[in-house]
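Here is the structure we will look at.
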Amino acid sequence: MTKNNKPLVSICIPTYNGESYIEDAINSALAQTYLNIEIIISDDNSSDDTLIICERLARVYGNIKVYRNPIKLGLSGNWNESIEKASSNWIKILFQDDLLKPTCVEEMMYEAIDKNVDFVICNREYIFEDKIPFKKIKMYARISKLTSAIFKSNVVYRPEDTAKAISPCIYRNSLGEPPALLFNKKQYHKNDFSTDFYQLIDYIFILNKILTHNFVFIDKDLVQFRIHNNSESMKNSKINKVEKENIYKSLHIRFYEQILICEKLLNDPLYRVVKENVTKKNILIIQKWLILRSYKKYGISNGLDFFKDKKIYSFIVSQKITSFNYLMYFRYKRKHSKLISKFRV
């Protein structure tokens with residue numbers, strides 16, 4: 001079914017304890033100038049009033065459908081569930097604390113149809129709540145400019161073009177968060193969200209897709225991504241470093257995920273062109289640097305305990321980095337400072 005001959009678009013909102021912002025998010029979806037939309041809400045057993053708010057709005061607006069998971073699925077599981085419930089092939093993910101600009105879906109769908117692509121990425125604006133550290137604000141300000149620096153607006157990028165363009169920024173999320181993406185569900189599988197990643201799970205999902213499919217970037221802030229002290233990105237940046245379990249999670253997020261990108265570049269055929277641009281020699285240098293940084297931050301004992309069950313451990317042994325001292329660290333940093341700066345690791 002279409003309105004004005006436009007395909008249906010499913011705006012998927014996975015929710016969990018989002019009572020503070022969910023009504024604003026839904027209202028931003030309802031305010032779209034693109035009229036043929038449905039709003040799919042998949043609630044992951046919220047213990048606050050999120051579900052009550054969603055069901056109240058669903059009674060007023062017939063295009064809102066609310067589902068509650070029978071068991072808690074977790075972050076990526078709930079993303080998958082919301083997409084699976086969608087009636088349309090065209091998917092626009094919206095997080096419970098973010099906002100869509102009124103023309104977001106209309107402009108992204110225009111590019112998808114006009115350029116005959118299954119993936120469209122837009123730029124985003126960050127909304128900062130009170131008490132966000134200034135260092136974090138500066139970091140997000142840099143990130144928001146990165147996508148525009150890499151990609152030209154309203155141009156079709158083939159996978160090989162994408163690989164060459166993104167190579168210098170491969171270790172950082174230069175593509176944005178899922179609300180900045182519109183995609184065709186025909187090119188999606190529920191296993192696309194890699195369980196190897198926490199912080200970069202959305203980046204790897206989008207990256208894998210545009211390394212295999214044509215896409216278009218729109219250099220407009222069509223979504224607003226909220227940064228507050230309860231958002232996933234902020235919770236991941238404030239992990240308690242006292243307990244061993246939290247030390248390991250912090251190691252995973254801050255260093256191991258970038259090390260996993262090194263492994264993908266070295267071994268995954270999908271990343272062949274990126275590997276050629278970065279070069280195997282540089283990837284190995286970066287991989288060793290990330291390991292040394294993790295030792296400096298969390299201690300070699302914690303680092304080795306964490307890495308010993310990972311595939312990377314054989315590399316650690318082969319490179320003789322089972323010991324650590326500050327002289328070694330600063331010599332390595334000085335020797336490879338240009339490379340470290342270039343790839344922002």
### Query
Suppose R0 equals 35 Å; then what is the FRET efficiency for R272 and K190 from their Cβ-Cβ distance, rounded to the nearest 0.05?
0.85
### Task
Count charges around K65 for me, please; just the other residues with Cβ under 13 Å from its Cβ, Lys/Arg as +1, Asp/Glu as -1.
-2
### Summary
With -39,500 (n - 2.57) per DSSP H segment of 4 or more residues and division by the full residue count of the chain, the 222 nm estimate, nearest 500 deg cm²/dmol, is -13500 deg cm²/dmol
### Query
Helix 201-210: angle to the longest alpha-carbon principal axis of the chain, degrees 0 to 90, nearest 10?
80 degrees
### Message
Nearest 10 degrees is fine. How inclined is helix 74-84 to the longest principal axis of the chain, computing both from alpha carbons?
### Response
40 degrees
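Order the peptides 179-189, 194-204 from the highest to the lowest mean number of other Cβ atoms within 10 Å of their residues. Walk me through the intermediate numbers first.
On the way: 179-189: 19.3, 194-204: 17.5.
Result, highest mean first: 179-189, 194-204.
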### Query
By DSSP, what percent of the beta bridges with both residues in the chain are antiparallel, rounded to the nearest 5?
30 percent
### Query
Assigning unit charges at the beta carbon (Lys, Arg +1; Asp, Glu -1) and nothing else, what dipole magnitude in debye, to the nearest 20, does the chain show about its Cα centre?
2280 debye
## Note on the structure
Sorted largest first, the Cα spans of the chain on the principal axes come out in Å as 65, 43, 35
### Summary
Phi angles of the range 24-35, converted by Karplus (6.51 cos²θ - 1.76 cosθ + 1.60, θ = phi - 60°) into ³J(HN,Hα) in whole Hz with x for Gly and Pro, give 5, 4, 5, 4, 5, 6, 5, 7, 5, 6, 7, 7
### Query
At each listed q (0.20, 0.24 Å⁻¹), what is the log10 of I(q)/I(0) that the Debye formula gives for the range 142-228 modelled as equal alpha-carbon point scatterers?
-1.04, -1.52
### Summary
Here FRET efficiency (C-beta to C-beta, K338 to D221, R₀ 35 Å, nearest 0.05) is 0.60
### Message
About the Cα centre, and with charges only on the beta carbon of Lys, Arg (+1) and Asp, Glu (-1), how big is the dipole of the range 55-102? Nearest 20 debye, please.
### Response
180 debye
### Computed over the range 239-342: relative contact order in percent, which uses C-alpha pairs under 8 Å that are six or more apart
24 percent
### Message
Nearest 10 degrees is fine. How inclined is helix 104-114 to the longest principal axis of the chain, computing both from alpha carbons?
### Response
80 degrees
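Each value in this text was obtained by applying a stated rule to the coordinates, not by laboratory testing. Keep in mind the model is a prediction, meaning the values are calculated, not measured. Reconstructed Cβ throughout: ideal geometry from the backbone, glycine too, with neighbour counts over all protein chains shown.
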